Amino acid sequence: MNNSVKNTARLLGAGLRALLALTLATGVLYPLAVTGIAQGLFPGKANGSEITSDGRVVGSSLIGRQDYGPDYFQPRPANGLGENSLNTRYKLILSGATNLSADNEKLVAAVRAAKAEVVKENSTAGHRVNPADVPADAVTSSGSGLDPDISPQYAGLQVHRVAERNHLPVARVQRLVDRHTEGRTLGFMGEPRVNVLELNIALKGLLAKE
């Protein structure tokens with residue numbers, strides 16, 4: 001009986017030591033090492049890819065916004081976003097997609113309405129948007145509803161409206177879009193894209209110089 005108690009105590013002691021050692025290694029040392037490496041090599045990404053303007057943080061390059069006025073470039077629609085209906089103490093936005101199939105009548109109607117709105121809003125006195133030129137990302141939301149980027153085609157479609165509303169030459173606004181167009185990642189992954197927040201901050205800076 002005494003041997004059994006001693007063996008049990010020994011096993012419990014070994015298990016406790018293993019628990020403490022693993023807790024220290026995986027719960028303290030490893031997170032500190034990963035955090036240190038991230039902060040040392042990729043501080044911007046490690047801290048949320050924050051974007052600053054006028055000395056303050058205005059957003060993240062990874063998360064889209066929907067609060068741009070009509071004088072600025074517009075992001076993709078965010079039809080997949082939901083509202084927090086459970087914990088109403090906090091104004092939380094839930095990301096997600098519509099989950100509607102391509103032939104769903106509701107989705108088809110929404111896309112047609114969005115396309116007509118894009119044509120109407122971006123046509124100016126001297127430039128009429130061709131409905132055939134409206135790209136898919138102008139009328140559909142992303143899987144998360146929080147895509148921060150738009151295609152160069154959608155940005156270019158908005159150039160005449162932005163130029164007219166801000167009394168800028170069209171060519172100057174187009175150059176702004178061109179400077180903020182990023183190519184494919186590593187030259188072959190994904191598609192060319194334009195970060196809407198960064199583009200609008202540049203536009204705001206341009207207007208401040210006028």
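The values are calculated or read from the model by the stated rules, or taken from the named source; none is laboratory data. This structure is a prediction, so every number in the text was calculated from the model and none was measured. Here Cβ is always computed from backbone atoms with ideal geometry, including for glycine, and neighbour counts include all displayed protein chains.
See the values below:
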item: Filter result (among the basic types (K, R) and either touching a helix residue (DSSP H, G or I) at 6+ places or on another chain (Cβ under 9 Å) or assigned to a helix (DSSP H, G or I) (or both)) within region 179-210; result: R179, R193, K204, K209
item: Verdict on N122 being closer than 21 Å to V177 by Cβ and touching a Leu at 6+ places or on another chain (Cβ under 7 Å); result: yes
item: Subset of region 193-210 [closer than 16 Å to P75 by Cβ and not hydrophobic (A, V, I, L, M, F, W, C)]; result: R193, N195, E198, N200, K204
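For (1) among the aliphatic types (A, V, I, L, M); (2) in contact with a His (Cβ under 7 Å, 6 or more places away or on another chain); (3) at pLDDT below 85, each residue gets a yes or a no:
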site: M1; (1), (2), (3): yes, no, yes
site: S4; (1), (2), (3): no, no, yes
site: L12; (1), (2), (3): yes, no, no
site: L19; (1), (2), (3): yes, no, no
site: I37; (1), (2), (3): yes, no, no
site: F42; (1), (2), (3): no, no, no
site: G48; (1), (2), (3): no, no, no
site: S53; (1), (2), (3): no, no, no
